[in-house]
Amino acid sequence: MRTSALVLGLLAGSALGQTVTAADATLASRFELGLPAEVTLVGLTAGARPELLFRPGEPGSRSRIRLAVGLFGGPEQLFLPVSLGYRACFRQGLTVQPLVGVGVELQHRFVADFPPVRSFGAYLEAGVAFAVAPRWTVGALLTTDVMFVGTPGFGFGPRAFVTVQL
Amino acid sequence: MVVRLALLVFAVSGCLGGPVTPAPTCVAYVACIQALDAQASTTTNLDRFVAGGACWTNGEIAELCATGCERGLARLRERSAALPEACAP
Amino acid sequence: MRRLVLMLALTMPALAGAHTPVKLDPKVPYVVAAPKVSFALYGVFESGSEHFVIKLSFDERFAAPVEVFVPHEQALKEHRPAWAVVGPGLPAPNEEERAALPAPLPAGWGAIVDLDTVSPRPVFYEFVMRRFYWSSGAMNVVFPKGDCELWVFSPRGTKGKFGLGFGVEEGGGYMAALEDWSFYAY
């Protein structure tokens, strides 16, 4: 009974995780599209930050190049960040996949009666993804940023995401 | 600790707009207040508005002070009779 | 005043107690311990009829900028709190200002009043909390030697949060912002 359960569990895990197929070898399969919903807690805004992840290495490798453009609205401002960075996704092929990332970010903040506030700096992110179906993951992470060029600032916030491998 | 370090980083970057020349509105404001003091035999602490004062450490504070001086001087001109010549527009 | 204080405070723990951001209580006058150092005080007009009193005492005549600011939110578009410096030796307010004051002036006291009517409304960005504010526009006031008061009131009866900024000399701590994050951040 226990052996059967263990075998079934392992089979389920491998079915949900990434398996290397011919499709993975195509260029398109190196891309993942993510749609995170996020809240910024310093300068309250909420919105979406769609991201494109590129896997430069072989299937199963942990490295991703990340490009993201967000649009957030809040009671006081409109916030538009553009990010370029690196993300490491661990335990590829398994259900629980920790991730960590770092990169640079250009931020714009808008209100109707003031010039746009621009900042450039770095971000850090850390969280976990769960493989819920072949090519699909959901997850959550915390992100923090420090802007040191232009208008300085420090921010952080939670992000929930859904990602699909193309 | 992380918060303090981060703020120190952008404290430096944010403040290194560098010293700013005193705004003309504050030069006029200081001259007017000093003339009023001479008239009334009083002294007023104007340290922040003179060259080297706290107003002129970076552009953002300078803008605040320039506005304060402009509106403060305008208020004096509107409401005070017999202002000294140094307070004239 | 707005930005330098917040920024330096968080890197200067020794001064953390000097100027923590204060939530004003309209029922209790707030006494400023070191008025020559810049400070920012915050409050909320719950009913629009509140009268906030800040007590100061100077050892010399002292000129500094004063401003009132509100969060840049659509709901607060018409919220324009006013401020007044009241004290002995100050000029008499005009009729409009006297009528707007929330309380009669003590005998022998004058007032410098700003009814927050500047248009277009000045805006500034506060980089620590990453917030935008509408300002009354800073105005220099010569505070008299001795005791005086700063009053903040809502002449139009509007409700909402406000901040009062004073001075430019670098001040002290804002660690209390972390203790009451939602009040100062949102």
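Of the two radii for region C:58-167, the radius of gyration is 0.99 times the Kirkwood radius, both from the alpha carbons; that is the Rg over Rh value. With the full set of protein chains in place, find how many percent of the accessible area of region A:84-148 is carbon and sulfur; take the probe as 1.4 Å. It is 78 percent, rounded to a whole number.
Give the residue list of trypsin sites (Lys or Arg not before Pro) in region C:58-98 that are DSSP loop and have at most 16 other beta-carbon atoms within 10 angstrom. Each step should come with its number before you reach the end.
Working: sites: C:61, C:77, C:98; in loops: C:77.
Those that pass, being in a loop and sparsely packed, are C:77.
When chains A and C come together, the accessible area they lose, probed at 1.4 Å and totalled over both chains, is close to 1600 Å².
Counting every alpha-carbon pair across region A:57-107, the share separated by more than 19 Å comes to 44%.
For region A:30-165, the mean projected area of the C-alpha convex hull, equal to one quarter of the hull surface, is 7.4 nm². Partner aspartates and glutamates whose Cα lies under 13 Å from the Cα of residue C:27, excluding those fewer than 8 positions away in the same chain, are identified as C:46, C:50. Excluding same-chain neighbours fewer than eight residues apart, the aspartates and glutamates reachable from residue C:145 by a Cα-Cα span under 17 Å are B:37, B:47, C:59, C:60.
Put simply, the Cα atoms of region B:24-87 extend 35, 22, 13 Å along their principal axes, the longest span coming first.
The values are calculated or read from the model by the stated rules, or taken from the named source; none is laboratory data. Source: prediction; values computed, not measured. Because the Cβ atoms are built from the backbone with ideal geometry, glycine has one as well, and the counts that use them run over all protein chains shown. The accessibility values were calculated without ligands, DNA or RNA, using every heavy atom of the protein model including side chains. Shrake-Rupley method; radii C 1.70, N 1.55, O 1.52, S 1.80 Å.
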